[in-house]
Amino acid sequence: MLVLSGSGVSLVFFATPAAAKQPVVPVKSPGETVSVLRQYNSYLGKTILYLGKNCGRFEARSGNLIIYCAAPDWTVVIYRKDDNRAMIVPMAQWQERGFKVMPPKQRLNDAMVTPVFVPILNQVCKEFVLNTNKRFFESNDSLVFRSNTIKNVRKITCITTKGLVLDEKMKLFIHGLYNQPWTDEIPLELKNELSDGGEVVSYSITSIKKEAVPANFFAYPKNYTVVTRHEDIMASRKEEKKARELIDSLIDEYKENPIKDKAHK
């Protein structure tokens, strides 16, 4: 049992002028030992979630996408390290709308819950199973063309920690991060069984362990450019440039070799 003590559809955040105020940086503190969850996410790649006392930090995209949340403000800051840009989300909005790229889109309130032993962690966790019949999309990334093949999700299975104790504000941070307000545990694995017999794992757990982090590891970044569009956070300027170049090359290729309509031959 893990115990902590402590007092691809578009992604849209509704930031207000008041939300653009950069949060208070926590007072400098010595390094500490925190819980570290490593996962693999089908959209974000390798991810790391650091949970300290009254603070959290989530890293993805090779450390270039970092999400901070810490006392006393408890404001969520989504930071693009390679471009020094950030989106500021008040906790109330974060809890309600969440990160959006972390599925499921369907609540598992009515799922059947049973204990399950997870060998990779060598501990008993919770398993949520929900039979359903929802449309399945190939990616959560709005920049990727979706498949025309119609598939439905027949069953959703989610494994979470069991007996985790978190500060109430940290629970809200986890709710928004994983888009799963139906559990106060940390989601470890999520998979979808499809109508064609296939299976898609949205994210899976790699390890949970205690690690030491340096002083000010959870401190909010400073002197960044505030943005309000999710496109400015989920993709760097370099990635945006590559995407534009790809689209331009496809357009140029089409102009040179237009597709002929067989019906008009």
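Enter the Cα centre distance for the pair segment 74-112 and segment 188-204, rounded to the nearest angstrom.
21 Å
Just add up the charged neighbours of Pro119: K/R +1, D/E -1, any other residue whose Cβ is under 14 Å from the Cβ of Pro119.
Details: positive: none; negative: Glu127, Glu189.
For residues surrounding Pro119, the net value is -2.
Could you compute the net charge surrounding Thr183? Neighbours are other residues with a C-beta less than 15 Å from the C-beta of Thr183; K and R count +1, D and E count -1.
Numbers: positive: Arg107, Lys126, Lys162, Lys171; negative: Asp110, Glu127, Glu168, Asp184, Glu185, Glu189.
Overall, the nearby charge balance is -2.
Take the cross-link list Lys162/Lys210; Lys171/Lys209; Lys46/Lys151; Lys46/Lys222; Lys134/Lys169 and give me the ones stretching past 22 Å between alpha-carbons.
Lys46/Lys151; Lys46/Lys222; Lys134/Lys169
Describe numerically, in nm with one decimal, the distance between label points set 7 Å from Cα along Cα→Cβ at Asn84 and at Gln22.
The modelled label-to-label distance comes out at 1.0 nm.
At q = 0.12, 0.14, 0.23 Å⁻¹, work out log10 I(q)/I(0) for segment 33-114 with the Debye formula, treating every Cα as an identical point scatterer and leaving solvent out; two decimals please.
-0.41, -0.56, -1.28
Values in this text are rule-based calculations from the coordinates and carry no lab data. No experiment lies behind these values; they were computed from the predicted model shown. Neighbour counts run over all protein chains shown; Cβ positions are idealised from the backbone, glycine included.
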